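Written below as structure tokens is the structure these notes are about.
The values are calculated or read from the model by the stated rules, or taken from the named source; none is laboratory data. In this text the structure is predicted, and so the values were computed from the model without any measurement. Note: ideal-geometry Cβ built from the backbone for every residue, glycine included; neighbour counts use all protein chains shown.
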Amino acid sequence: SEESQASAEEGATSASKLSDVVANTRIDGKILIILSGAGSIELSNGKTLETGFFMNELAIPGRALKKTGAELVYATPGGAKPHMDPGSDKPSFFHSEDSYKKHRAFLKKEGLLNGEANVKSFEEVLKGDLSKFRGIFVPGGLAPTVDLAASKPLGKVLSHFHSEQKPMAMLCHGPSAL
């Protein structure tokens, strides 16, 4: 729909701005990338829509963070494999065909397009040393509205980062994790 296209373009602009912020920064350490484990969302008309993270909202900032030297650690509810929203897998959400290809290759290399990514559960993250993380990033897509807000373990992770005054960045529907 036109509304979802406009929202995706807005997300691409936000993702690009975040990418610009970190472009000349060196980040040594881990960044926790919070993703949904949902692959679909039930609509008010009773239909189901296939969803997941929006490609540009994860790939642009994720690739930029990786270029700074950051280690990306992915986590979802229960350690479920994240899904990419199939409607976001389009060059029109990027500034060029070349940009689309580079960012898609980044997601593939990270194992996020084929289910091979090493994904932790929020419980696993809590059992580890949260002080090792420099910040949190939550990309959008509709999927975060399905399972992130109700996750008590995620709430504990976010509370820790808040109390330690560590950076938390969220795009589009990402703030539904709060």
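Please find, among K101, K67, the residue that is at pLDDT 95 or above and surrounded by fewer than 18 Cβ atoms within 10 Å (Cβ to Cβ). Matching residue, one of K101, K67: K101.
For segment 130-146, does any single residue satisfy the condition of being charged (D, E, K, R) and over 20 Å from K66 (Cα atoms)? No - not one qualifying residue is present in segment 130-146.
If you take the residues in segment 112-153 that are of a type in the set (A, V, I, L, M, F, W, C) and part of a helix (DSSP H, G or I), which one is surrounded by the most Cβ atoms within 10 Å (Cβ to Cβ)? Break it down into steps so the answer makes sense when it comes.
So in segment 112-153, the residues of a type in the set (A, V, I, L, M, F, W, C) come out as 112-113, 117, 119, 122, 125-126, 130, 133, 136-138, 142-143, 146, 148-150.
The next check asks that each one be part of a helix (DSSP H, G or I); those that pass are 122, 125-126, 130, 146.
Working: F122: 23, V125: 21, L126: 15, L130: 16, V146: 21.
My answer is F122.
Filtered by the rule that a residue be within 28 Å of F93 (Cβ to Cβ), free of Cβ contacts under 8 Å to residues at least 40 places away in the same chain and polar (S, T, N, Q), segment 103-135 gives a lone residue, N114. Quick check, is G78 on the phi > 0 side of the Ramachandran plot, assigned to a helix (DSSP H, G or I), more than 13 Å from the chain's Cα centre (by Cα) and not aliphatic (A, V, I, L, M)? It is true that G78 is on the phi > 0 side of the Ramachandran plot, assigned to a helix (DSSP H, G or I), more than 13 Å from the chain's Cα centre (by Cα) and not aliphatic (A, V, I, L, M).
Count of segment 15-63 residues, restricted to those that are modelled with pLDDT under 95, of a type in the set (K, R) and in contact with a Phe, Trp or Tyr (Cβ under 9 Å, 6 or more places away or on another chain), is 0.
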